[in-house]
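Taken together, the values in this text are just the output of simple stated rules run on the coordinates, not laboratory data. If you're wondering where the values come from, they're calculated on a predicted model, not measured in any experiment. Glycine also receives a Cβ, built like all others from the backbone with ideal geometry; neighbour counts cover every protein chain displayed.
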């Protein structure tokens, strides 16, 4: 069964304190690994898609990497505005749906 | 570009009543998805439309849920009759290509009492 597990569930950082979020997955035939950001009361906002092991993508202070079993979202020198829930998802084999993890809630204090 | 619009944003109904949620995707997006997040759980897939056709409805929980997308534009999700366990946030999303990153709406928070 396709499954996505994110850790930690919650992470508190001081402004400028870099860290990484983990997403481990089991899927029969990866059809993309997706990262989303979700703010309270809003829908998930698309960040990145990764398709093959070794691939990396960056956006501002965020960098996503992918191996055959997991993905990391690295946050460099975070700011309070980076506080949000970060969701990881994988595409199912048919390409018709995403399978989400429960998310990591990040809080960055100044 | 207008985003994905969902309404209502909140709905509180009694058990046994009927509720209809609406989603307006981004214009030109053939792919439309419905997802649901029940409290404490992950976001889960309900179904996927390509234009007006149901491509995958494997996530629909039971026959109390009916989704339509007449004309391939907006979509509705009807729950009839609603049960307590139907409470949660219902998200709609759209994409121009199947398998591409979606644009999500802000969701409809449904509370069944």
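Can you compute the FRET efficiency between residue B:76 and residue A:28 using 1/(1 + (r/R0)^6), with r the Cβ-Cβ distance and R0 = 30 Å? Round to the nearest 0.05. Could the numbers behind the result be given before it?
Values: r = 33 Å, r/R0 = 1.09.
Once rounded, the FRET efficiency stands at 0.35.
For region B:4-76, what relative contact order do you get, as a whole percent, if you take Cα pairs closer than 8 Å and at least 6 residues apart? Could the numbers behind the result be given before it?
Values: 105 pairs, mean separation 19.1, N = 73.
Once normalised by length, the contact order is 26 percent.
Consider a paramagnetic label point 7 Å from the Cα of residue B:58 along Cα→Cβ; state which residues of region A:86-110 have an amide N under 18 Å from it.
A:89-101
Calculate the spin-label point distance for residue B:109 paired with residue A:39, positioning each point 7 Å from the Cα along the beta-carbon direction, and give it in nanometres.
Reported label-point gap for residue A:39 and residue B:109 is 1.6 nm.
Starting from the Kirkwood radius over alpha-carbon pairs of the protein assembly as shown, derive D by Stokes-Einstein at 20 °C in a medium of 1.002 mPa s and give it in µm² s⁻¹.
On the way: Rh = 18.0 Å.
Translational D for this selection: 119 µm²/s.
I need the P(r) histogram for region A:3-109: all alpha carbon pairs, bin width 5 Å from 0 out to the longest distance, whole percents.
2, 13, 25, 26, 19, 10, 4, 1, 0
At 1.306 mPa s and 10 °C, plugging the Kirkwood radius over alpha-carbon pairs of chain B into Stokes-Einstein gives what diffusion coefficient in µm²/s?
Values: Rh = 13.9 Å.
In µm²/s, the coefficient rounds to 114.
Using alpha-carbon positions, what is the distance between the centroids of region B:18-94 and region A:62-110, in Å?
Here the two parts' Cα centres lie 24 Å apart.
If you take the beta carbon distance between residue B:14 and residue B:68 as r and set R0 to 35 Å, what does 1/(1 + (r/R0)^6) give as a FRET efficiency, to the nearest 0.05?
Values: r = 24 Å, r/R0 = 0.68.
Calculated value: 0.90.
Would you mind computing, in nm to one decimal, how far apart the modelled labels at residue A:94 and residue B:5 are, each placed 7 Å from Cα along Cα→Cβ?
3.1 nm
Average partner chain C-beta neighbours within 10 Å, per residue of B:41-49? All intermediate terms of the calculation are to be shown ahead of the outcome.
Values: counts 2, 11, 12, 4, 7, 1, 2, 6, 0.
Rounded to a whole number, the mean comes out at 5.
Have a look at A:84, A:64, A:97 and tell me which one the Gaussian network model of chain A (Cα, springs below 10 Å) gives the largest fluctuation.
In this elastic network of chain A, the residue with the biggest mean-square fluctuation among A:84, A:64, A:97 is A:97.
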